[in-house]
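Here is the structure we will look at, set down as structure tokens.
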Amino acid sequence: MSGTTFAGALNTGLRRALADDEKVVLLGEDIGRLGGVFRVTDRLQREFGPYRVIDTPLAESGILGTAVGMAWRGLRPVVEIQFDGFVQPAFDQIVNQVAKMHARTGGRVRMPLTVRIPVAGGIGAAEHHSESPEAYFVHTAGLRVVSVSNPQDACTMLRQAIACDDPVIFFEPKRLYHVKGEVELEDLATAAPMSAARVVRPGDDVSVVTWGSHVATALDAAEALADDGVSVEVVDLRSLSPWDVEAVTASVRRTGRLVVVHEGARQGGVGAEICATVTETCFADLAAPPLRVTGHDVPYPPAKLERHQLPDLDRVCHGVDQVLGRAPLDPRAVAVSAATHQGQGSPAGAAPSGATSDGTAADAEDDGVTHRAVAVHDGQEVAA
Amino acid sequence: MPSTTDPRTLQDLSRAGRHDASVDSAHGGARDRTSTATPSGGTAQVIAPDGSRHAHPELDPWLEDVDDALLRQLYTDMAVARRVDAESTALQRQGQIGLWPPLLGQEAAQVGSAHALRGDDFVFSSYREHAVALVRGIAPADLLRVWRGVVGSGWDPYAARMAPMQVIIGAQTLHATGYAVGLLVERATGPGGSPAWGGPPSDGVERTSAVVSYFGDGATSQGDVHEAMTFAATWSAPVVFFCQNNQWAISEPVALQSKVPLVERARGYGMPGVRVDGNDVLAVLAATRQALHRARTGGGPTLIEAVTYRMGPHTTADDPTRYRTSADVDAWRALDPVDRFAAHLRGLGVLDDAAEQAAQDTCDAVAAALRSGISGTPDPSWEAVFEHVYAEPHATVAAERDAYARYLDGFADGADGAEQREGRR
């Protein structure tokens, strides 16, 4: 495939940001002479000098804390954290300082910081090199959090993050660094806003919401499910804080079903937030409980086990099957649903073993709320 | 003040401190963990506890321009700081503010160092540097607004060139270092830019402003302070690390933070360190001036350990009688910074009864303004909860603000939601 690699697109974005604004400075470990361990800052120190592209001592809290001071002085620091697991030493500075400075000072001091973090697994790496820490930062008011899925977004959204007057946690899925695509230097004034989700594949039966490297996983699953007659809509969330509630709920209102896919742990994860919000705002439109396909709630396993941790095409297809009533739901969901709907009509997906998969549809009155039940049989949506 | 290259180094002073017997015993480890160091001849000093002035070859050159007017100003500022401190404790007792960390005993360390600063220098402080803030021109009532809980920062930090207080005790040392690096970046990349680090040796010309970071002995155990000193030293950042060693981190004596005098750590980072009598306002002024000059001329950071004593509690919520003896406090009371400086000035004839009265009149006026400025300050309106979370529009905060506004609208006209909820209980 021709085009620019994801890493090269980031490099292009950084070069443009450095050239556009003399206040932009890069700092991190090994980003100067080496060009970063993933070569994202390749040649930038040579072009812009050691005061714009700054090699730091090996201390992440020090990097973030000094970046805070540089922002105080009016610079726009772009920090590189070498690997996801190394951001935790900087957690205090990010959560207690970066996120709060603007509010603490009544809006007088801005923190236009970008924190680039190579993220997530799938590359057979050592411990602390495959983490998905997005939920920590999404939970923190004052931060913006984005995760990019393709070279064009990598270039454009990085430039948008640097131009943003708020701090942005910028996740770069490591699996994508060598993926190629066409990249142009978009006009930031007309490019899609950084906070907007994007429907990357339209569909009618199920909405799959994901971000980062799992956009590709979801697209693969959608292709496989299409062969099976299921129309999957894939939404690339792009921004995790704020996240595009309108785009997601619009999709779910149409399809009636939601599967959120992410690699980070399930408990307290971003998928939980999305499912809760969709349930609160789209309850009457749901044909099945929203469902998450995520990493397990375990420490990220050694490399030879990571395929069991990562959502893949089969697990995403299984999740879609579950919300379609073609595969059994999580036993906990079944137990709760069974108790709630005892003696009443059972919405699709709430019954074990796909009780409505006989091709019929059922409307159930439950405390005055009509649950739209849709069943799919032989790939055909039968009723709504 | 010398404006050219000064061959004297403050390492000499720290060497002197290292051989001070009282220092050694104070840091002697488990044998006596509650004793604290008292400043003595081994710690740089120009005014003895009895007020007498003695020569100091390292510090005296930095005091040559100190005239009677500046001496009186230093005295008045220390007196005002002490009065504001006492008044604030009283206001806490009256419920006008929620909490107050008294600076009693640390007036010289703060006033002396703050007077070394230029207007274009920047300060990143901890939470007890009330006198520094006052010298920076911050109104006493603004100082208290944070402690009343009505704002996150009582003043415009860019106007005062002082960041709001920092409760995370070591974080600000990194902010100061980063700000100082920002100065270097500007110098290197601006018009006629010149190498900022790894460049030629200093020619003694002041080319940048500088940054001072205030922190305490407890903070020296924080990783951020270590990282700040590492970054600042390797980058030759124009920052001064001003440690007020007031002997106590709430109930923990300094011996629990360090096995060696704190100033000795400077050598490990590759920067000069000076141990100065923090209750001697002129010694502090001189040491800070020299460190700032070094920073502005490309000489990099300096660690100053100002040896002082927190005479009061950690905060108004603390009870120091649970962890230290009255004998310890009494020993330090004899070294009181304000009394010492007053004795010195009386000996010089700079402070007479009329000048003393003038200083007290100033204190009375400041105290009255403080009381009227803070008492009865209304609570902010609810909208402030949602303000300034982000600099640019943010859908989540906007939606939650709108939802809360609709919720409040459901109550009676003009009533605050909180009052209504009280009524419902």
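The values are calculated or read from the model by the stated rules, or taken from the named source; none is laboratory data. Model, not experiment: these values are computed from the prediction. Neighbour counts run over all protein chains shown; Cβ positions are idealised from the backbone, glycine included. The accessibility values were calculated without ligands, DNA or RNA, using every heavy atom of the protein model including side chains. Shrake-Rupley method; radii C 1.70, N 1.55, O 1.52, S 1.80 Å.
Assorted remarks:
- Within the option set A:Val235, A:Val215, being in a helix (DSSP H, G or I), within 25 Å of A:Ala161 (Cα to Cα) and not hydroxyl-bearing (Ser, Thr, Tyr) holds for one residue only, A:Val215.
- If only residues of the range A:84-106 that are open to solvent by less than 20 Å² (accessible area, probe 1.4 Å) and either more than 26 Å from the chain's Cα centre (by Cα) or among the aliphatic types (A, V, I, L, M) (or both) are counted, the one that is nearest to the other protein chains (Cβ to nearest Cβ) is A:Thr105.
- The range B:376-394 - residue that is within 14 Å of chain A (Cβ to nearest Cβ) and of a type in the set (Phe, Trp, Tyr) and, of those, least open to solvent (accessible area, probe 1.4 Å): B:Tyr390
- Residue among B:Arg310, B:Arg346, B:Arg294, B:Arg340 that alone is in contact with a Leu (Cβ under 9 Å, 6 or more places away or on another chain), assigned by the TED database to the domain that holds B:Gly112, within 20 Å of B:Ala108 (Cα to Cα) and not hydrophobic (A, V, I, L, M, F, W, C): B:Arg310
- When residues of the range A:60-83 are limited to those that are more than 8 Å from chain B (Cβ to nearest Cβ) and in a loop (DSSP other than H, G, I, E, B), the one surrounded by the fewest Cβ atoms within 10 Å (Cβ to Cβ): A:Phe83
- Matching residues, the range A:291-322, being in a loop (DSSP other than H, G, I, E, B) and open to solvent by less than 40 Å² (accessible area, probe 1.4 Å): A:Pro301, A:Leu310, A:Pro311
- Entirely in the range A:84-192, the helices (runs of 4 or more DSSP H) that have 3 or more residues that are in contact (Cβ under 8 Å) with a residue 60 or more places away in the chain and outside the structural domain of A:Gly268 (by the TED database): A:134-138, A:151-163
- Checked against the criterion of being in a helix (DSSP H, G or I), assigned by the TED database to the domain that holds B:Gly223 and open to solvent by 20 Å² or more (accessible area, probe 1.4 Å), the candidates B:Val132, B:Val151, B:Val111, B:Val146 yield just one match: B:Val146.
- Residues of the range A:194-211 that are more than 14 Å from the chain's Cα centre (by Cα), surrounded by fewer than 20 Cβ atoms within 10 Å (Cβ to Cβ) and part of a loop (DSSP other than H, G, I, E, B): A:Pro202, A:Asp204.
- The set of residues in the range B:402-411 being in a helix (DSSP H, G or I) and away from chain A (no Cβ under 12 Å) consists of B:Asp402, B:Tyr404, B:Ala405, B:Arg406, B:Tyr407, B:Leu408, B:Asp409.
- Scanning the range A:269-294 for residues that are in contact with a helix residue (DSSP H, G or I) (Cβ under 6 Å, 6 or more places away or on another chain) and not β-branched (Val, Ile, Thr) gives A:Gly269, A:Cys282, A:Asp285, A:Ala288, A:Pro289, A:Pro290, A:Leu291, A:Arg292.
- The residue that is farthest from the other protein chains (Cβ to nearest Cβ), counting only those in the range A:1-59 that are part of a strand (DSSP E or B) and of a type outside the set (Ser, Thr, Tyr), is A:Gly28.
- Boolean, A:Val24 is touching a His at 6+ places or on another chain (Cβ under 6 Å) and in the same structural domain as A:Val119 (by the TED database): no
- Residue within the range A:261-272 that is within 14 Å of chain B (Cβ to nearest Cβ) and either surrounded by fewer than 24 Cβ atoms within 10 Å (Cβ to Cβ) or closer than 30 Å to A:Gly85 by Cα (or both) present: yes
- Answer residue from the range A:23-42, given it is touching a residue at least 12 places away in the same chain (Cβ under 8 Å) and more than 28 Å from the chain's Cα centre (by Cα) and is most open to solvent (accessible area, probe 1.4 Å) among those: A:Arg33
- Members of the range B:154-182 found to be facing chain A (nearest Cβ under 8 Å), open to solvent by 10 Å² or more (accessible area, probe 1.4 Å) and within 22 Å of A:Lys23 (Cα to Cα), listed by number: B:Tyr158
- From the list A:Arg238, A:Arg253, A:Arg201, A:Arg257, the lone residue that is touching an Asp or Glu at 6+ places or on another chain (Cβ under 6 Å), basic (Lys, Arg) and modelled with pLDDT of 95 or more is A:Arg253.
Yes/no per residue for (1) buried (at least 21 other Cβ atoms within 10 Å of the Cβ); (2) over 20 Å from the mean Cα position of the chain (by Cα):
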{"residue": "B:Ile47", "(1), (2)": "yes, yes"}
{"residue": "B:Asp65", "(1), (2)": "no, yes"}
{"residue": "B:Ala79", "(1), (2)": "yes, no"}
{"residue": "B:Ile97", "(1), (2)": "yes, yes"}
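- Matching residues in the range A:273-290 - criterion: being of a type in the set (Gly, Ala, Ser) and buried (at least 18 other Cβ atoms within 10 Å of the Cβ): A:Ala287, A:Ala288
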